[in-house]
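**Q** Dropping a structure here in structure tokens format, bear with me for questions.
The values are calculated or read from the model by the stated rules, or taken from the named source; none is laboratory data. Every value quoted in this text rests on a predicted model; they were computed, and no experiment measured them. Note that we place each Cβ from the backbone using ideal geometry, even for glycine, and neighbour counts take in every protein chain shown. Side chains included, ligands, DNA and RNA excluded: accessible areas come from the protein's heavy atoms. Shrake-Rupley method; radii C 1.70, N 1.55, O 1.52, S 1.80 Å.
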Amino acid sequence: MNDRYIAAKERWAAKMAGKAKPQVRSTDRLPPGQHEVRNFPVLDLGIRPEVSLDQWELKISGKVENPVTLNWEQFMALPQFEDVSDFHCVTTWSQYDMRFKGVAFFTLADLVKPKPEASHVYFKSYDGYSTNNALDVCLDDDVMIAHSWNGVPLTKEHGGPARVIIPKRYAWKGAKFVREIIFLDRDLLGFWELRGYSNTADPWTDDRFS
């Protein structure tokens with residue numbers, strides 16, 4: 001079994017038991033070059049697809065033992081996860097204490113069982129967007145496929161019906177309008193990564209561009 005998956009399972013068990021403590025990333029909660037906002041700015045490719053819940057699907061494939069395609073009912077039947085985290089956009093704004101609810105990435109990994117050679121994850125969206133992350137990043141205990149924000153369903157402007165949330169990376173690493181998750185044995189650059197943005201996107205090191 002994938003060692004990354006085993007380590008993530010241990011972290012997840014600790015969090016669910018109330019034993020895990022958040023990683024200290026900075027003495028200042030605000031990453032360098034960021035400013036705090038109270039609203040939720042809208043940024044996308046200029047395409048906001050209309051995806052009805054009866055047509056929505058999430059395909060999970062690649063280097064996994066059990067590839068699946070979930071419809072909305074199946075997705076919502078999975079264990080639900082709610083988390084409060086900060087949100088950092090590469091365009092220099094941050095918002096604190098955003099409450100998202102959805103399905104933890106770890107839950108999806110547990111469902112499909114990554115193969116030992118899986119090392120990266122590639123996300124594809126209904127608007128043609130794509131982005132990539134190391135599997136280690138996705139298996140953090142605060143990563144999820146979110147369907148709600150602050151207690152209400154995600155609107156189309158904010159990536160609904162479902163979007164990826166990866167709090168410890170700049171927000172472009174979390175794809176809006178997500179439709180496919182592919183586990184890979186190599187890195188594959190996404191939309192902004194191909195256009196000169198950082199491949200790692202760590203807000204605390206001001207890692208915006210490659």
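**Q** Quick query: amide H of SER148 versus all other amide H atoms, modeled in the peptide plane; which residues come in under 5 Å with a sequence gap of 5 or more or a different chain?
**A** Long-range HN contacts for SER148: LYS101, LEU154.
**Q** Would you work out the relative contact order for the chain, in percent, from Cα pairs under 8 angstrom that are 6 or more residues apart?
**A** Answer for the chain is 24 percent.
**Q** Taking a 18 Å limit on the Cα-Cα distance, which of the listed pairs LYS59/LYS101; LYS115/LYS176; LYS113/LYS173; LYS9/LYS115; LYS101/LYS156; LYS9/LYS124 fall beyond it? Before the final figure, lay out each step's value.
**A** Numbers: LYS59/LYS101 20 Å; LYS115/LYS176 26 Å; LYS113/LYS173 22 Å; LYS9/LYS115 15 Å; LYS101/LYS156 16 Å; LYS9/LYS124 25 Å.
Violating the 18 Å Cα-Cα cut-off are LYS59/LYS101; LYS115/LYS176; LYS113/LYS173; LYS9/LYS124.
**Q** Determine ³J(HN,Hα), in whole Hz, for all residues of region 92-99 in sequence, where each value follows from phi through the Karplus function 6.51 cos²θ - 1.76 cosθ + 1.60 and θ = phi - 60°; x replaces Gly and Pro.
**A** 5, 9, 9, 10, 8, 6, 8, 9
**Q** Charges only on Cβ, +1 for Lys and Arg, -1 for Asp and Glu: so what's the dipole of the chain about the Cα centre, in debye to the nearest 20?
**A** On the way: 27 positive and 29 negative charges, 23 e Å.
Dipole of the chain, to the nearest 20 debye: 100 debye.
**Q** Okay, moving on. For a quick check: with amide H placed at 1.01 Å from N, whose amide H comes under 5 Å from ALA175's, ignoring anything fewer than 5 positions away on the same chain?
**A** Those lying under 5 Å, H to H, from ALA175 are VAL164.
**Q** How many angstrom lie between the C-alpha centres of region 76-102 and region 192-210?
**A** 20 Å
**Q** Go ahead and estimate [θ] at 222 nm for the chain from helices alone: -39,500 (n - 2.57) per DSSP H run with n ≥ 4, summed, over the residue count, rounded to 500.
**A** Details: 4 runs with 32 residues, N = 210.
For the chain, the value works out to -4000 deg cm²/dmol.
**Q** Could you rank the peptides 32-38, 79-85 by their average count of other C-beta atoms within 10 Å per residue, with the highest value first?
**A** Details: 32-38: 12.0, 79-85: 15.4.
In descending order of packing, they fall as 79-85, 32-38.
**Q** Roughly how many Å² is the accessible area per residue of the chain, as a whole number, for a 1.4 Å probe? Mind dumping the intermediate values first?
**A** Details: 10090 Å² over 210 residues.
Roughly 48 Å² per residue, with all protein chains present.
**Q** Within the chain, what whole-number % of the accessible surface is contributed by carbon and sulfur, with the 1.4 Å probe and all protein chains included in the calculation? If you can, show how the numbers build up before the last one.
**A** Working: 5140 of 10090 Å².
The nonpolar share, carbon plus sulfur, comes to 51 percent.
**Q** For TRP93, what residues show an amide H to amide H distance below 5 Å, using hydrogens built from the backbone and excluding near sequence neighbours?
**A** HIS35
**Q** Could you order the peptides 66-76, 198-208, 142-152 from most to least packed, using the average number of other C-beta atoms within 10 Å per residue? Before the final figure, lay out each step's value.
**A** Numbers: 66-76: 14.3, 198-208: 17.3, 142-152: 19.7.
Listed from highest to lowest mean packing, they are 142-152, 198-208, 66-76.
**Q** Read phi for every residue in region 161-171 and hand back ³J(HN,Hα) as whole Hz from Karplus 6.51 cos²θ - 1.76 cosθ + 1.60, θ = phi - 60°, with x for Gly and Pro.
**A** Listing the rounded values in order: x, 8, 9, 8, 10, 10, x, 8, 10, 3, 5 Hz.
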